[in-house]
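Scroll down for the structure; my scribbles are underneath it.
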Amino acid sequence: MRIGELAERAGTTTRTLRYYESRGLLPARRGSNGYRAYDEGDLKLLRQIRTLQDFGFDLEETRPFVECLRAGHPEGDACPASLAVYRRKLGELDELIGELRSVRDQVGGQLARAERAMDELASEAAVPGGPEPVCELGGRTG
């Protein structure tokens, strides 16, 4: 198949395919007419790259999977280098999850503090002569 058909079937652009080719991820075969020529194996390779990128892998991280497919393995993740990338990515994700949990805890603490402060202002306003609460967004609340 030609580059336009491959791009359409893979759900990408010809520009992206040329970029992958320049990075050595997609083979640069030419037919007798000089046009780029691709086959079903190239489509499978592109689908592997796209799936990994959808999972958050950067383009260079897909290289071991591409090489595994090119080596003849039916799945691109059945090689030691691919497994190493999976392990590294899981470690990165675990670290990010930990950071997000920490940020969530901080935001939750700030929310609880802000709600207590708002409740205190509201209870003080209920006392005759107490301050009238002010909302930053809408002026006076009472």
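The values are calculated or read from the model by the stated rules, or taken from the named source; none is laboratory data. These numbers come from a predicted model, not from an experiment. Note that each Cβ is placed from the backbone with ideal geometry, even for glycine, and that neighbours are counted across all protein chains shown.
Worth a mention:
- Considering residues of the range 29-49 that are surrounded by 11 or more Cβ atoms within 10 Å (Cβ to Cβ) and among the charged types (D, E, K, R) only, the residue farthest from Ala71 (Cα to Cα): Arg36
- Exactly one residue among Leu69, Leu26, Leu52, Leu59 is surrounded by 13 or more Cβ atoms within 10 Å (Cβ to Cβ) and in contact with a Ser or Thr (Cβ under 6 Å, 6 or more places away or on another chain), and that residue is Leu52.
- Residue within the range 88-106 that is touching a Lys or Arg at 6+ places or on another chain (Cβ under 9 Å), assigned to a helix (DSSP H, G or I) and surrounded by 10 or more Cβ atoms within 10 Å (Cβ to Cβ) present: no
- Residue match in the range 4-17 (condition: free of Cβ contacts under 8 Å to residues at least 60 places away in the same chain, of a type in the set (Ser, Thr, Tyr), surrounded by 12 or more Cβ atoms within 10 Å (Cβ to Cβ) and farther than 25 Å from Pro74 by Cβ): yes
- Test: Tyr20 is within 21 Å of Arg63 (Cβ to Cβ), among the hydroxyl-bearing types (Ser, Thr, Tyr) and touching a residue at least 12 places away in the same chain (Cβ under 8 Å): yes
- Total residues in the range 86-141, condition on the phi > 0 side of the Ramachandran plot and modelled with pLDDT of 75 or more: 0
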